[in-house]
Structures are given as structure tokens and as C-alpha cells.
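Colleague: Supplied in C-alpha cells, the structure appears directly below.
The values are calculated or read from the model by the stated rules, or taken from the named source; none is laboratory data. On a predicted model such as this, the values are computed, not experimentally measured, just so you know. Heads up, the Cβs are rebuilt from the backbone with ideal geometry, glycines too, and the neighbour counts pull from every protein chain shown. These accessible areas exclude ligands, DNA and RNA; they are computed on the full protein's heavy atoms, side chains included. Shrake-Rupley method; radii C 1.70, N 1.55, O 1.52, S 1.80 Å.
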Amino acid sequence: MAGHFSRYVGGLPGIGLLILRATVGVIAIAQGCALVPNHESGPLWLWFLAAVLGLGGAALILGILTALTGLTIGLAESGAACSLLPSPPLVSPHSQAAPVLVIVMTIVVILIGPGAFSIDARLFGLREVKIPPIPPPSEF
């Protein structure tokens, strides 16, 4: 996992990545909540999909295993866009493009990485390696 990300961007670009991750995560959580069946006897796969979107969205907001959670959310949104999976209730006629926008944003997050303001950066980020000085060879 550490070799996957070449750098963790900080500063204003890092804040931009945090906002992008948070946006995708909040959308995934909202869609997961919208997919929860109204009654307890809903199909099990619908509960599973809602849990995947909800937990994946929370993990993406925190920046935990960003590439994996982004891929999972992107696949779930692809299934909704292709009508293989149920999509949440549409609020406006323009919201049919929402899965496509979320897919594009997850691809961007996967390709760029989580940024410096993530748990991934703390776990897998650059480390300072201190090499102790080599003692001079002793003469016999």
C-alpha cells in the first residue's frame, strides 16, 4: 500500500483533496441511508449495499484505505448508473447524472491519492529515516 502513493500533497491542494474526499463520502453516506429499506424485511443485499455505501463513505472522509474504498464506492455507483443496482430516490430530473459525477470524483481520488490530511498519510506516508554515523574502523 505504501508503494501505491508516491506523495501526500499538503497545503491548499491537500485541503482540496480533503474537500473532494468529504464530498464523495457524504454523497455515499446519503445514498446508503436512502437505500435502507423502510421495513425490516427488506432484501439482505439491499442492506448490504446500504452498509457498503455508508461505511465506505465514512472511510473515505477519514482517508482510510482510500484507493480501496474509492474503488468500492465507484463500483457501487457504476452499478446504480447502469441500473444493475437500485438507485436512491431521485429528487430532481437532473440528479440522474449524480452517479456519473460521483464515479468521476472517485476516479480522481483513486488516481491522485488521499492527500496529507488523511489517516493513510499518517500510516503510509513519508518517514524520516535517521541513519546513525558509522564508527571509524578500529586498528589492531
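Colleague: I'd like the full set of residues that are assigned to a helix (DSSP H, G or I) and out of contact with any Gly (no Cβ under 9 Å at 6 or more places or on another chain), limited to the stretch 36-67.
Modeller: Within the stretch 36-67, the subset assigned to a helix (DSSP H, G or I) is 44-62, 66-67.
Answer for the stretch 36-67, where residues must be assigned to a helix (DSSP H, G or I) and out of contact with any Gly (no Cβ under 9 Å at 6 or more places or on another chain): Leu44, Trp45, Leu46, Trp47, Phe48.
Colleague: Could you list all residues from the stretch 103-125 that are touching a residue at least 40 places away in the same chain (Cβ under 8 Å) and within 11 Å of the chain's Cα centre (by Cα)?
Modeller: Answer for the stretch 103-125, where residues must be touching a residue at least 40 places away in the same chain (Cβ under 8 Å) and within 11 Å of the chain's Cα centre (by Cα): Met105, Thr106, Val108, Val109, Ile110, Gly113, Pro114, Ser118, Asp120.
Colleague: Considering only residues that are in contact with a Leu (Cβ under 8 Å, 6 or more places away or on another chain), part of a helix (DSSP H, G or I), at pLDDT below 85 and surrounded by 14 or more Cβ atoms within 10 Å (Cβ to Cβ), which ones fall in the stretch 79-111? Quick ask: steps written out before the conclusion?
Modeller: Here is the first cut: in the stretch 79-111, the residues in contact with a Leu (Cβ under 8 Å, 6 or more places away or on another chain) are 79, 85-86, 88, 96, 105-106, 108-110.
Within this subset, residues satisfying the condition of being part of a helix (DSSP H, G or I) are 79, 96, 105-106, 108-110.
If we keep only those that are at pLDDT below 85 too, we end up with 79, 96.
Once the filter is applied, which keeps residues that are in contact with a Leu (Cβ under 8 Å, 6 or more places away or on another chain), part of a helix (DSSP H, G or I), at pLDDT below 85 and surrounded by 14 or more Cβ atoms within 10 Å (Cβ to Cβ), the stretch 79-111 yields only Gly79.
Colleague: Here's a follow-up. Within the bounds of the stretch 24-34, is there any residue that is farther than 16 Å from Leu101 by Cβ and free of Cβ contacts under 8 Å to residues at least 24 places away in the same chain?
Modeller: Yes: the stretch 24-34 contains one or more residues that are farther than 16 Å from Leu101 by Cβ and free of Cβ contacts under 8 Å to residues at least 24 places away in the same chain.
Colleague: Starting from the stretch 58-83, keep only residues that are farther than 16 Å from Leu18 by Cβ, then list their pairs with residues that are of a type outside the set (A, V, I, L, M, F, W, C) and surrounded by 16 or more Cβ atoms within 10 Å (Cβ to Cβ) whose Cβ atoms are within a distance under 6 Å, requiring at least 6 positions of separation or different chains.
Modeller: Taking only residues 6 or more apart or on different chains, the pairs are Thr72/Gly56; Ile73/Gly56; Ile73/Thr106; Gly74/Thr106; Glu77/Pro99; Ala80/Ser87; Ala80/Pro99; Ala81/Pro99.
Colleague: Listed residues Arg7, Arg21; which is open to solvent by less than 60 Å² (accessible area, probe 1.4 Å) and either modelled with pLDDT of 90 or more or part of a loop (DSSP other than H, G, I, E, B) (or both)?
Modeller: Numbers: Arg7 fails: open to solvent by less than 60 Å² (accessible area, probe 1.4 Å).
After applying the criteria, what remains is Arg21.
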